[in-house]
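Asker: What follows is a structure written as structure tokens; I'll ask about it next.
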Amino acid sequence: MVFNDSSAPEAHRLFFAAEIPESIRIRLYSLSKYWLQNVEKVKFVEPQNIHITIKFLGDVHLLLVNDIIHSTQKILKNFKPFVVKIGNPKLIKSRVACFEIWRGRYHLDTIFQELDESLNQFGIEREFRKYFPHVTTARLKTYVKALKIEKYNPTFRVDQISLIRSELTSDGPVYTNVKTFELKGE
């Protein structure tokens, strides 16, 4: 049973993500601060929370978490590590500042599709929007037209996918790693 109410008893807000090396997260954060320095009402994603979301699950009852982990292990054991290249900055609907993913999109999309289909058996709704892999670095409350910043297109190896718990607090979200799945390509 999935709860869509964050006050649901014994439920955790969960998502799957590919984590990004610390040095790249810090640089993306710095670039975003520079990029949006003259924009009012911006909420930056703290460097430790920068990641590539693969699938947001919402509030999931704790009794389902072990079954979800087991199902996910069966899926992800078939995937090999892959390389991601971060692309240029982009504004999504003028409200979300992010960096596109240039390389590794196919792998991320395939993992998303398989998780999306598998998790439906646990009552987690399928995503009907096309998956757009990206790295969110800020959320804006005011309209902003495109801004230019220096190019920064690092590559890194993704050799694991994480199931992460997100606790919403007044100071921003607190992320806790629930389970890490190694990509070994058995």
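The values are calculated or read from the model by the stated rules, or taken from the named source; none is laboratory data. Treat the numbers as computed from the prediction; the structure is a model and nothing was measured. Cβ: placed from backbone, ideal geometry, glycine included. Neighbour counts: every protein chain shown.
Asker: Could you list, in sequence order, the residues of region 7-57 that are under 19 Å from Val84 (Cα atoms) and aromatic (Phe, Trp, Tyr)?
Answerer: Those that are under 19 Å from Val84 (Cα atoms) and aromatic (Phe, Trp, Tyr): Phe16, Tyr29.
Asker: Still on this structure: Mind listing whichever residues of region 162-179 are touching a residue at least 40 places away in the same chain (Cβ under 8 Å), more than 16 Å from Leu62 (Cβ to Cβ) and of a type in the set (A, V, I, L, M)?
Answerer: Leu168
Asker: Right, next: Counting only residues that are out of contact with any Phe, Trp or Tyr (no Cβ under 9 Å at 6 or more places or on another chain), of a type in the set (A, V, I, L, M, F, W, C) and either farther than 24 Å from Pro47 by Cβ or outside any loop (DSSP other than H, G, I, E, B) (or both), how many does region 125-137 have?
Answerer: Residues that pass the stated criteria total 1.
Asker: Another question about this same structure. Here is a check on your reading of the model: is Tyr152 modelled with pLDDT under 95 and surrounded by 15 or more Cβ atoms within 10 Å (Cβ to Cβ)?
Answerer: Taking the combined requirement at face value, the residue satisfies it.
Asker: Here is a further query. Restricting attention to region 118-169, which residues are hydroxyl-bearing (Ser, Thr, Tyr) and under 21 Å from Val96 (Cβ atoms)?
Answerer: Once the filter is applied, which keeps residues that are hydroxyl-bearing (Ser, Thr, Tyr) and under 21 Å from Val96 (Cβ atoms), region 118-169 yields Tyr131, Thr136, Thr137, Thr142, Tyr143, Tyr152, Ser166, Thr169.
Asker: Same structure, new question: Which one of Leu183, Leu91, Leu140 is surrounded by 13 or more Cβ atoms within 10 Å (Cβ to Cβ) and more than 18 Å from Phe44 (Cβ to Cβ)?
Answerer: The conditions single out Leu183.
Asker: Which one is surrounded by the most Cβ atoms within 10 Å (Cβ to Cβ), of the residues in region 46-86 that are among the aromatic types (Phe, Trp, Tyr) and either assigned to a strand (DSSP E or B) or in contact with a Cys (Cβ under 8 Å, 6 or more places away or on another chain) (or both)?
Answerer: Taking region 46-86 and keeping what is among the aromatic types (Phe, Trp, Tyr), we get 56, 79, 82.
From the residues that got through so far, the ones that are either assigned to a strand (DSSP E or B) or in contact with a Cys (Cβ under 8 Å, 6 or more places away or on another chain) (or both) too are 56, 82.
On the way: Phe56: 13, Phe82: 18.
Among those that are among the aromatic types (Phe, Trp, Tyr) and either assigned to a strand (DSSP E or B) or in contact with a Cys (Cβ under 8 Å, 6 or more places away or on another chain) (or both), it is Phe82.
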